[in-house]
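Inspection log for the structure reproduced underneath, given as structure tokens.
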Amino acid sequence: MRLRRLDLTRFGRFTDFSLDFGARQEGKPDLHIIFGPNEAGKTTSFEAYLDLLFGIPARSKYNFLHDYENMRVGAALEIEGTVTELIRIKRNKNDLITASGDFANPAVLLHALDGIDRDQYRAMFSLDDETIEAGGDDILASHGNLGELLFSAAAGLSDLGSVLETARTEADLFHKKRKRKTELADAKNALKGLHDQIRELDVPASRFRKLKEDRDAAQKLMETAKAAREGLLQEKQRLEAMTECIPLMRSLQDHEDALANTVAYPSLPETWVAEAQDLKLKHVSAETELRQINLRLIAEQEKRDGLEIDEEITGAAERLMLLLDVPKSRAQTAEEDLPKRDAERTGLAQEIADLAAELKLDREIDRVMSEVLLSQLEDISGTYSELHARLATAKTEEADAQENLESLTNEDAPEPEALSITEDLEKMLADIAPDHLISNQATAERALSSAETTLHAALAKLAPWRGKVSDLVELSFTDLEAKRAAERYADLLSKFDKAKTAKEDAEVEHDQRLVRLQTLESCDAAIVADDAQRARAERDNLWTKHRANLTEGSAISFETAMTKDDVLQDARLAFAEKLARLKELEVDVAAANKALETRTRQFEAADAALTAETQATASLLVRLHLPGDFDPRDLPAWQSCLAMAQQALLDRDGKKTAADHAQQAVKNAETQLQNALGVTDKALGLRDLSKQARATVTQVTKAQAQLAAHQQAVKNAQKDLQRRKEDVVKLSKAVSEIQASWDREVGELPPALQNLEQFRWQVSTLRRLAQKIADKRQLERRIQAMENDHQRFVEEIEKIAEAVGEAKDAKPLVLAERLKRRLDHAETTRALYEDLTSKIEDAKKSARDVQVVLQAITERLAQMAKPFEEVHAVETLDDLSTALKNASEANQIKEETVALRHRIVARLGVEDMCEARSLLADQSLLDLEARREGIEVDLQNAEADYAQKVGDLRAAKDVLEKVGGDNAPAQLEEKRQTLLIDLEDRAKTVLRLRLGILAAQQALSIYRDEHRSKMLADTEAAFRTLTAGAYSELQTQSDGQHEVLLALRTRDGRSVTVDEMSKGTRFQLYLALRLAGYRQYSASGTTLPFVADDIMETFDNTRTKAALGLLKEISMQGQALYFTHHEHVVDLAKNVCGDTATIHTL
């Protein structure tokens, strides 16, 4: 599928805007860069394309300008070479339509998308900042189609990994280190529990008897405690009943006293109170209604007496209404239409005359020809015309058939003897299979070209290597040697740097201390110290001389020297601290000087060792054809490239051998075909020779078919000519017969109508003439009827007007309308009179009904008053309500008295009230309450004792049931042995399972090393290009149930996970995954537009150029659309793709 044009008709900020990508140009990349500043609508266009394919979401954020019902996005899509116009609108269903507005079949898009839904398309081939990362993570997690393709090196292994994980889980369920809840732990606990139960149940017989005696004793004690508790409960209930009934007895006495003082009102039904209230309401309502009826009756009688009815017009109402119905309509129509109909009759007469003149007739057609004869002659004329035309056609076809037969007879047909062909050529083509040989040769050449490309790339990575390709074969340099040389050189260089640094530090330290010493020596303290030493020496010398001479002069000299020495010693004491520091610095300088000598010797030793290693390395670099300035620390990485180059060379040589073999097989096949075809042109290749051989076979086969077809065509032409001749004879005979029939029928017709050739042109005129005559007769009958209707209406209306005393001073229709209005007024008056009469009768009847209701209320009042004749005077409904209220209160006291008696007897449990009064006669509430409280204390003690006895009995039964006295210990032992056997079987099964897991893991590792998916290889190549070689290889590694992707970093040879990469590098990996996946999908036949929205924002210019180059490559397979607001991306695209990239500006 390809997007030729995107129509943003009403979507987002766009109205009637289109992006036209044009038709694809063969041989050129289909790459389109859509550039626009921020807010120009790039993301809107990006989303509109997805909404077109998969439908506008229920809640779209692009309805800010156009309402949901007006949103529309369309496109011209190239699907399997055909341009299809589709439009998507916002609707719950049937939202995909054609340009004409008809519903489009969604299967068109489903087939073109190969079942990919919106989320899959966004994750794989429709990318922005969000989906490139989220979808990339899903791919690396083996989610989705691309994830399956990426890790197809583990084809079937993902499922196997799941199986292994299930197996591990099953094994861990049995036993796992430091896990408490396992099958083995549960089994151990179960065994311990069984062992404890066996020990508890396996007791002696004497102990069993003792346990039974304990149970029986506990049973008796429990029954005794239960009986005591029940006795206390009964006593408590009796005291509570007596306490409750004492107040009830007092209430009963009060009710009996009230009854004794109450008048003996009769017992009446409870419904009488409500009935009395209802009677009162009905009585008030009836009296009110009767007053309203009387007022309404008087008013309506007055209205009726004021009406006056027109008896004359109402007497003639029936005749007038009959006349005003159909007769009036006919008279009015006649009055309006008669002038028109007269004009129409005159026109028809003129038309009849014209038609007769056209036919050259001197009398009317109905006197010349009947309708039956006219139809019969028309049929004969039509049949003649048809037969005549068929005869002409048959003669033409006869001539054509004759010409065709002569042409086929004279045509040059292939000679049968020239069509002989041997089967050897076809057998040779089948044996040689030239297409297979050519395909093998092309495959071998492509493999050789790929191997040479790989070799050149590997050689480029060897830079700055100066050797030849042939030197690679004999060049031996192992990874271990490289690592050792690099490590040795790096170690010596590090030692040299450290020694050099230490020497320089020692020199600095020595110079600094020497300078400080020299500074201190030049100060006063040093001078005083020197003077003091000289003065002391001079004093000592003069003292020696004085001791020797003991003269006054020697004594004065000694005294002077001593005084000077004392002065200088005092000064020296003042500079004591500085002098001490001076001594300290002298020691430090000496130590620094010694350290400098040591560091110098170490530096010279390190320099000598490094020089020796450099010389040794130089000879190694010469052997490896590397320049002398090559850094030995890069030897491991270079050795890895060397190994790849040597492997690429071996692979190239193997591919070259395979290509040579394929080429030789092609040459042998060419020789066979040249000999078989007799071809002397050695320049023809196997493809041309096989085409020529097949063409020869096809040509001979085609000639055979042509000869058979020619022979059959001659036979068919002969048959066709004979059939055409027979048709001409039959049609000629039919024409003659129809001519004879015509002559018989037209003998009595005017000469002007007897020509058969001309008759078919005269038929229409004849029919028109007949129709006009019929129309004229019908019109004359209608005119006569209208005149009659009008005359009868005039006579009747004038009679009615004279009968009712109406003046005849107006036209008939006006007079009729005046009579109708008079009749309407009379009938309205009569209807009003009758309505008022009916209302008066209804009012009278209602008054009578109300009086009946009032009489019934009076009678019912008398009935309900009779029971109260002796106790209460009842004359009105209010008196009845008062009497009923008093009777109800008396009845309520009676019922309450009876209820109290029943309650007391039932609560005390006695036979009658006499026994109840006797039982409560001498009882007081205080005594009963005190007795009840004492019973409650005893009952609590009894309850506790009973609960204790029940617990003792239950414990005794539990102990006895555990012992059982049966074969329970044997059953438990059997259960323990069964558990041990099951545990042994389960342990063996888990052991076999763990051994199988280990074996499968080893096989998985070996398989993964031997297989790598095509998509992984393509992803690796794309990622290497995008990162400018910073990452050289991609590998997959199992992480339990999942596959993890690792990238080999070139600069340090370290395997890096995706999480350890920078955001830009991670986005480049995700883009490489999509580009490789796109190639895989295109190779499988599914080609969709690859769409991206500014996904290179984290790329530098170098990696952006690399990404644009890869987009250019995939656009040779499909279509690539890239939306951006960066001008430098547009410039880089022009630089990378030149004029082949199409730039669109929003």
Among (1) assigned to a loop (DSSP other than H, G, I, E, B); (2) at pLDDT 60 or above, there is one condition Asp186 misses while meeting the rest; what is its number? (1)
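This table checks each residue for (1) more than 55 Å from the chain's Cα centre (by Cα); (2) surrounded by 13 or more Cβ atoms within 10 Å (Cβ to Cβ); (3) more than 18 Å from Met644 (Cβ to Cβ).
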position: Asp424; (1), (2), (3): yes, no, yes
position: Pro434; (1), (2), (3): no, yes, yes
position: Glu452; (1), (2), (3): no, yes, no
position: Ala463; (1), (2), (3): no, no, no
position: Ser476; (1), (2), (3): yes, no, no
position: Arg488; (1), (2), (3): yes, yes, yes
Residue hits (segment 813-826; loosely packed, with under 15 Cβ neighbours inside 10 Å and under 26 Å from Lys303 (Cβ atoms)) are Arg821, Asp824, His825
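Filter segment 458-491 down to the residues that are part of a helix (DSSP H, G or I) and free of Cβ contacts under 8 Å to residues at least 12 places away in the same chain and list them by number. Talk me through it step by step, then tell me what you get.
Of all residues in segment 458-491, those part of a helix (DSSP H, G or I) come to 458-461, 471-474, 479-491.
Answer for segment 458-491, where residues must be part of a helix (DSSP H, G or I) and free of Cβ contacts under 8 Å to residues at least 12 places away in the same chain: Ala460, Glu474, Leu480, Arg484, Glu487, Asp491.
Here's the yes/no breakdown for (1) β-branched (Val, Ile, Thr); (2) assigned to a helix (DSSP H, G or I); (3) within 60 Å of the chain's Cα centre (by Cα):
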| residue | (1), (2), (3) |
| --- | --- |
| Glu748 | no, no, no |
| Arg768 | no, yes, no |
| Glu806 | no, no, no |
| Val814 | yes, yes, no |
| Glu817 | no, yes, no |
| Arg822 | no, yes, no |
| Leu832 | no, yes, no |
| Ser846 | no, yes, no |
Let me spell it out: the conditions are (1) part of a loop (DSSP other than H, G, I, E, B); (2) under 30 Å from Pro266 (Cα atoms), and Thr897 meets all of them except one. Which number is the exception? (1)
Give the residue that is surrounded by the most Cβ atoms within 10 Å (Cβ to Cβ), with candidates limited to residues of segment 1-56 that are β-branched (Val, Ile, Thr) and assigned to a helix (DSSP H, G or I). Thr44
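Working carefully through the options Leu1111, Leu1121, find the one that is outside any helix (DSSP H, G or I), under 29 Å from the mean Cα position of the chain (by Cα) and under 26 Å from Gly27 (Cα atoms). Spell out the reasoning first.
Details: Leu1111 fails: outside any helix (DSSP H, G or I).
The match here is Leu1121.
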Anything in segment 57-93 that is touching a Leu at 6+ places or on another chain (Cβ under 8 Å) and among the polar types (S, T, N, Q)? List them, or say none. Thr84
Suppose we keep only residues that are modelled with pLDDT of 80 or more and of a type in the set (S, T, N, Q) within segment 977-1034. Which one would you say is surrounded by the most Cβ atoms within 10 Å (Cβ to Cβ)? Thr1019
Output the residue which, of all residues in segment 907-928 that are of a type in the set (Gly, Ala, Ser) and surrounded by 12 or more Cβ atoms within 10 Å (Cβ to Cβ), is farthest from Glu240 (Cα to Cα). Ala916
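Quick grid of which residues meet (1) surrounded by fewer than 19 Cβ atoms within 10 Å (Cβ to Cβ); (2) at pLDDT 90 or above; (3) in a loop (DSSP other than H, G, I, E, B):
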{"position": "Ala1076", "(1), (2), (3)": "no, no, no"}
{"position": "Gly1085", "(1), (2), (3)": "yes, no, yes"}
{"position": "Ala1092", "(1), (2), (3)": "no, yes, no"}
{"position": "Gln1117", "(1), (2), (3)": "yes, no, yes"}
{"position": "Cys1137", "(1), (2), (3)": "no, no, no"}
I want to confirm something. Restricting to segment 84-116 and keeping residues that are closer than 23 Å to Asn63 by Cβ and of a type in the set (D, E, K, R), which single residue is surrounded by the fewest Cβ atoms within 10 Å (Cβ to Cβ)? Lys93
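For segment 316-335, which positions are closer than 11 Å to Leu823 by Cα and free of Cβ contacts under 8 Å to residues at least 60 places away in the same chain? If you could, list the steps in order and put the result at the bottom.
At the first step, the residues of segment 316-335 found to be closer than 11 Å to Leu823 by Cα are 316-318, 320-321.
The one that is closer than 11 Å to Leu823 by Cα and free of Cβ contacts under 8 Å to residues at least 60 places away in the same chain: Glu318.
The values are calculated or read from the model by the stated rules, or taken from the named source; none is laboratory data. Just so we're clear, the structure is a prediction, and the values are computed from it rather than from any experiment. With ideal geometry, Cβ positions are generated from the backbone for all residues, glycine too; neighbour counts draw on all protein chains shown.
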